[in-house]
Structure formats: structure tokens, C-alpha cells
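Undergrad: Just dropping this structure here.
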């Protein structure tokens, strides 16, 4: 479907920007910025595809992914001063991307005949692993392990998507509802400073 | 064989606990604890399967692995006070798991027609790589590169297993002897503070 | 071709030494040194092969790779005092290895029917990713993100190789020219302290 493809591209673009912005703080050179942008944008899908055995990994079969990442880097260089002002817009697209990547990863995994439980997990991997590698390569403890609730939003969103599917809802509606759910959870989480409890805290 | 499957599950359970316990010190949230437990338990087998091309990776085809990991996390949350008291029991299961993962990884690799040398290496990867990723994700220099001798126990254990096989010993006996060998080496190493020499030390 | 295979082996040997030398500073034990040497030497090709779906990964089908890595480690232990004096020779072989790994990775990717853009990227991954994993495992921010221009040399070298091929040049000549180009760029970069600009620098 056309609009899914467009959202996939927008998600890739925004994820690439998120990677390039981390390269700022670390004062990486252009090559480093390129690698971090690439890894952030396609790292999740790459790990998923290697694990489920769908190789060559997805983004290799469609040059548009690389083009969107290139545009994301150029955009970051040209408009870095404005990006901070647009942080709400960026956050919105980022959240849409996360929701969409979750569902696309889930569907691809189901399509290979794997179990729904694995599919939910791979949906989450698709959405969040790029950020984990970004943080690991830049020598940070992945942010997601400390402060973010959105991986939980992806997991619960994946389960909701499967439930809607079992209930016989049309695919488009299931996707729309799930993406909106993930967005709402994440936006509420940020606004209200939700976080998961830390187990065993002393 | 049934008892191999049971030991595989016990190993997964214990490795998951070992991951969850690291999440304590780092004060990760529940999601982070879940990821670290998962990665520690199945990370080694995942890398092995991706490298030898046995995809989807093994644990995806049997939901029991995820269930054992879930139980490991719950167990860690409920009984964390007692786990320290049970440290000897935990260490025992952990060591059995390592020995068993080594042999299972070795056999899977041989089964794909790869050379014995590669099989020994992949046996070791199966047993220790989960811990390496756990340490890398939590921003530590992997423990195994500094203090532990057990990777060496896995490598030599793998070679012993192959030798026993060449000598015509029945598979069950080769496995039992190898697991016991790896356990004895590791237990002696910890008791007597064995460690490998550091090359080039000034 | 025979000389390509020899250069591949020499590159593997030199990369293994480069890994073992990092293990010195970090005071890893022998096992740690072995792992870092292995990862540095074959890490790039391993990631490339897992991503493009050419599994089991290449070095598993030819035991000579492991033998060259073993020799590299032994060489590092025996001659560590002389290696620093031979640093120019080492740098030369390292640079040849990088150039060659770039082209071999590029050709393997093209051979699977993937696009030239992806092939150039995978050529670069083959050449530089081993060093990235080495740095990540030893808890350093990968050097390549900060100071080195050689990844850029690999990328531009890959593009030059493709252009020469399109122009109808014989494969051997395209390879020779590209390897020399990558060597010249890297040597000049080191001599003249070239580096990429850092985007967004304040």
C-alpha cells in the first residue's frame, strides 16, 4: 500500500536525523555521522532480517532507503538550528516511525510462518534496535534501558495489533489503531514522565 | 533426547537469571531487565545460527525458550534475596548450561557439514557470547576478556568431545564426560583462582 | 586468482596482529587476545555475509583464515618488540588489506545480484567493521568515527572500481588501480593529517 511505503520512508528519514544529531554531541566526522545515521535508521530491520533469515536484508533491495538516509543527513547539516525548534514535529514523526516499524516487522515475521510471540518481539526489535546500536557504538548505555517506555509501547502495540486481527478487523484499521495507540502511549509517557519501575531497587 | 532438552531449558533459565541480576546493579527498568535476560540466554545461539546460516535462529522455533526466560525474570524478582544464598547452586547450573551449550552448538555446526575446528569455535560462541553481549550492552568490558577461564574450558571441552567421538565412544557418554570436564575445570579455576596469562604484560 | 588469495591471507594476518596489539594495552588474557584478533580479522566479512545472506560466512569454509589468525597471534607474542620498529611495514600491509577487502566485499555483493550502491557499502563494511567491533568490545568509541579517513578512502575506492569496470577495464587492472588508490589516499591522509570535517562543530 502506498501510504505505508511513504510512512516507512518518512520513518527512515527521521531515524537518520536522530542518528546524525547524536553525532553532533560526540563531534564525529562526516563519515561517522553517516554510519550512525545509517545504523539508527536500518539497524533494527537489519537485525530482524538476519535473525529470521530474510536475507539480503530488506533495505538492500530498495535504494530509496539509502536515499532517505542521505537526505536525513543533509537535512541535519542544513537545518540543525531549526530542528530543535521543530522538536515536536520531529518527535511526532519519530513516534509514527516507531509504530509503523513495529507493525511492518511483526507482519514480515508472521509472513515467514513464525509464532505470534516471536513476531511481537521482532516488531519491537525492528523499532528500537537501531537506537540501541547507535548508543552502543557511541559508548553510551542504551537510553532505552534507562528512561524510555516506548519499547513497552511497541510490545503492547504488537499484541493489540494481533488481537484486532484475530477479531477480524481489516488490516488497514488494525494498523491505524495500533500506530495511534503507540503514539498516544509514548506521548503520554513523555508528558507525564511515565517510566517502568526499576526492579530490585534498593 | 529428553534429558538434553531439559538441561537446555535449565541452562536458558539460569542464563536469564544471570542477565537479570546484572540489570539490578545497573538499575535498568523492567524492559531493560527483560532484554538483558533474553540476550544473555539466547545471544550465543543467535550469533552462531546467524553465522552458520541456520535461520530463523533456533529459539524462534520453540516458544519454551521464551517461557523459560520469562520464568527466569520472575524468579529473579521474587527470590532475589535467596539467590545470593543459592549462589553455589546457581553456579552449578550455570556451569552445566555452559558445558551443554558448548556441545549443542558444536553438534549443530557439524550437522551443517562445517569443519571440526569451526564447530569447536561455534560451540564456544554458543556458550559464552550471550555474556559478552550482556556486558557490552551494559557498557562493561566483557568479563570474559579479563578474569574468566571458562571460554578456554569450552574450547578444550569441545576438542575432547570430538576426540571421544573419533575414538568411537557413544554420543551420550561423550556428552556426559565433556560436560563433567567443563564443570570440573571451571570449578577448579574458581576455587584455585586460575587464570590465563596476560600476553605482553609489562 | 592466486595472488588475490595470497593478499587476502596477508590482510587477515595483519588485521589479526592489529587486534592482538590492542589486547596488549587492555591487558586481556590469551583468550581475550585470541577473540579480539579473530574479530578484527574476520568481523567485517562476517557482518557482510550475514547481511547479504551468504552463509555459512566465508571464513568458515576455508581453515586457512583461522590458521593465519593463529599465526598473527603467535607473531604478536614473539615479535612484539620488533613490531613497533616495523610499524611502516605493518601499516603498508594493513592498507593493502583494507584495499583488497574493499574490492573482495564489493565483488561478492555484486555477485549476489545486489545494486552497485549496496556493493560499495558492503565493500567498506568488509574493510572497516572488524576494527569497529574491536573498539566496541574493548569499550572504546570506534577510532574510525573520530580520526580516520580510510573508510572514506574505501567508499571512494569502491566507486572508482565500479567506474573502471563500466569503462571496460580488465578486472585485474581495476583491482590494482583501486588498491593503489586506497593506499595512496590513506598514506597521504596520515602523512598530511587529513581528516574529514566535523559537522555542526560549535
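Where a number appears in this text, it was derived from the coordinates with a stated rule and is not lab data. This structure is a prediction, so every number in the text was calculated from the model and none was measured. Glycine gets a Cβ as well: all are built from the backbone with ideal geometry, and neighbour counts include every protein chain shown.
Undergrad: Which ordering of A:25, B:26 is given by a fewest-first count of other beta-carbon atoms within 10 Å?
TA: A:25, B:26
Undergrad: Suppose we consider the axis relating copy C to copy A; can you name the residue of C with the nearest Cβ and state that distance in angstrom as an integer?
TA: Nearest-to-axis residue on chain C, with distance in whole Å, is C:50, 3.
Undergrad: Express the relative contact order of region C:2-191 as a whole percentage, based on alpha carbon pairs under 8 Å and six or more residues apart in sequence.
TA: Details: 250 pairs, mean separation 45.3, N = 190.
Once divided by the residue count of region C:2-191, the mean separation gives 24 percent.
Undergrad: What are the distances, in nm and sorted shortest first, from the label point of residue B:111 to the label points of the same position in each other copy, with each label point placed 7 Å from Cα along the Cα-to-Cβ direction?
TA: Distances to the matching label points in the other copies: 2.9, 2.9 nm.
Undergrad: Sort B:18, A:115 by Cβ crowding within 10 Å, fewest neighbours at the top. Intermediate values should be presented prior to the final figure.
TA: Details: B:18 24, A:115 15.
Ordered by Cβ neighbours within 10 Å, fewest first: A:115, B:18.
Undergrad: Moving to a separate point now. I want to verify the translational diffusion coefficient of chain C in µm²/s; compute it with Stokes-Einstein, Rh as the Kirkwood radius over Cα pairs, at 10 °C and 1.306 mPa s. If you can, show how the numbers build up before the last one.
TA: Numbers: Rh = 17.2 Å.
After rounding, the answer is 92 µm²/s.
Undergrad: Shielding of C:52-62 by partners, i.e. mean partner chain Cβ atoms within 10 Å per residue?
TA: Numbers: counts 4, 10, 3, 11, 10, 5, 0, 2, 12, 4, 1.
Mean inter-chain Cβ contacts per residue within 10 Å come to 6.
Undergrad: While we're on this one: Give me the inter-chain shielding for C:99-109: mean count of other chain Cβ atoms within 10 Å, whole number please.
TA: Working: counts 0, 0, 0, 0, 0, 0, 0, 0, 0, 0, 2.
Mean shielding by partner chains, rounded to a whole number: 0.
Undergrad: When the Cα centres of region B:107-141 and region C:1-50 are compared, how far apart do they sit, in Å?
TA: For region B:107-141 versus region C:1-50, the Cα centre distance is 17 Å.
Undergrad: Over all directions, the average projected area of the alpha-carbon convex hull for the protein assembly as shown comes to how many nm²?
TA: Working: hull surface 116.0 nm².
Dividing the Cα hull surface by four gives the mean projection, 29.0 nm².
Undergrad: Let me ask something else about it. For residue B:168, which inter-copy label distances result when the label point lies 7 Å beyond Cα on the Cα-to-Cβ vector, reported in nm to one decimal and in ascending order?
TA: Taking the point 7 Å beyond Cα along Cα→Cβ, the inter-copy spacings are 6.7, 6.7 nm.
Undergrad: Taking a point 7 Å out from Cα toward Cβ as the label site, list the nm distances between residue A:90 and the same residue in every other copy, smallest first.
TA: 4.1, 4.1
Undergrad: So, one more: Which value in deg cm²/dmol, rounded to the nearest 500, describes the helix-derived mean residue ellipticity at 222 nm for chain B, given -39,500 (n - 2.57) per DSSP H run of n ≥ 4 and division by the residue count?
TA: Details: 7 runs with 153 residues, N = 202.
Calculated mean residue ellipticity at 222 nm is -26500 deg cm²/dmol.
Undergrad: What is the packing order of peptides A:178-186, B:106-114, taking the mean over residues of other C-beta atoms within 10 Å and listing the highest first?
TA: Working: A:178-186: 20.2, B:106-114: 18.4.
Most protected by this proxy first, the peptides run A:178-186, B:106-114.
Undergrad: Something else now. Using a Förster radius of 22 Å, what is the FRET efficiency between residue B:25 and residue B:92 based on their Cβ-Cβ separation? Nearest 0.05, please. Can you show the working numbers first?
TA: Working: r = 22 Å, r/R0 = 1.02.
About 0.45, to the nearest 0.05.
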